[in-house]
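Encoded as structure tokens, the structure appears first; notes follow it.
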Amino acid sequence: KLFWSTAGPGGPWLTNTLSLISNDLYRAEIPPQPQNTQIYYYLQAAAANSIVGKNPAAAPAEVHSFVVVNAFTLFVTGQPTQVPGVLPDYGFNAFPSGVTVHATAPYYSPPTNGARDLCLGWIGCCGIPPAGTTNSLDFVIRGDSFLSWQWVRAYSLTQSSSPTGLVSAETWWP
């Protein structure tokens, strides 16, 4: 069972039944609560032999808690293309208000047929700094936001000589 309360760590406690999802995974839901509501909770389970376990073990004297906050959306894209490997992934991503988001992109994509994409940086909007020239950034999300990784195509130039060995180099050119 899930025991929960908005009145404080001493209850009174409301209960919800845990539903088996698979193997040893169970689920219970707390009805939606207003923003900034502190919710206190603990779990209790009884085995077939009547042994009772609680989490935390000292519940209800000790309980878990969290505060209900708004969730905001971060939309991530790439221009002119979407190179794999960015975190958070491309598309819509939800985060709780006030959390620090660590966004990263690979410095460059793996070469394919003598070409690869280089990360030039990013453009941000709506709570994210407006631009940067790195392949990572950290920011606190406080509203719906936008992040666009900026990519440029680079091509391999292989130099060699005859006789062999005088010049041997590979460089990348955007």
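The values are calculated or read from the model by the stated rules, or taken from the named source; none is laboratory data. Quick caveat: nothing in here was measured; it's all calculated off a predicted structure. When we count neighbours, we look across all protein chains shown, and the Cβ atoms used for this are built from the backbone with ideal geometry, even at glycine. Note: accessible area is taken over every heavy atom of the protein model, side chains too, but ligands, DNA and RNA are not part of it. Shrake-Rupley method; radii C 1.70, N 1.55, O 1.52, S 1.80 Å.
Brief remarks on what is shown
- Taking the Cα centre of the stretch 1-123 as origin and assigning +1 to Lys and Arg Cβ atoms and -1 to Asp and Glu Cβ atoms, the resulting dipole is close to 120 debye.
- Between SER161 and THR133, the C-beta separation translates, for a Förster distance of 30 Å, into a calculated FRET efficiency of about 0.25.
- Among SER156, SER109, SER50, the residue with the largest mean-square fluctuation in a Gaussian network model of the chain, with springs joining Cα atoms closer than 10 Å, is SER50.
- The stretch 7-64, relative contact order [Cα under 8 Å, separation at least 6], %: 32
- The chain - percent of accessible surface contributed by carbon and sulfur, probe 1.4 Å: 56
- Cβ-derived FRET efficiency at R0 45 Å, THR77 paired with ALA45, nearest 0.05: 0.55
- For CYS125, the solvent-accessible surface computed with a 1.4 Å probe is close to 60 Å², ligands and nucleic acids excluded.
- Loop-located trypsin sites (Lys or Arg not before Pro) in the stretch 73-174 (DSSP state not H, G, I, E or B) with no more than 15 neighbouring Cβ atoms inside 10 Å: ARG142.
- Top of GLY121, GLY11, GLY132 by mean-square fluctuation, Gaussian network on the chain, Cα under 10 Å: GLY11
- Relative contact order [Cα under 8 Å, 6+ residues apart], the stretch 79-123, whole percent: 33
- Taking every alpha-carbon pair under 8 Å whose residues sit at least 6 apart, the chain reaches a relative contact order of 16 percent.
- Of the residues ASN49, ASN93, ASN113, the one that moves most in a GNM of the chain with alpha-carbon contacts below 10 Å is ASN49.
- When every Cα-Cα distance of the stretch 20-139 is counted in 10 angstrom steps from zero, the calculated P(r) takes the values 10, 27, 21, 19, 16, 6, 1 percent.
- A dipole drawn for the chain from +1 and -1 charges on Cβ atoms has a positive end, and of THR37, TYR108, SER162 the residue lying farthest that way is THR37.
- Area of LYS54 that stays accessible when all protein chains are in place (1.4 Å probe, Å², to 10): 80
- P(r) histogram, all alpha-carbon pairs of the stretch 115-174 included - 10 Å bins from 0, percent: 20, 31, 20, 15, 9, 4, 0
- Accessible surface calculations at 1.4 Å, restricted to protein heavy atoms, place the chain at 63 Å² per residue.
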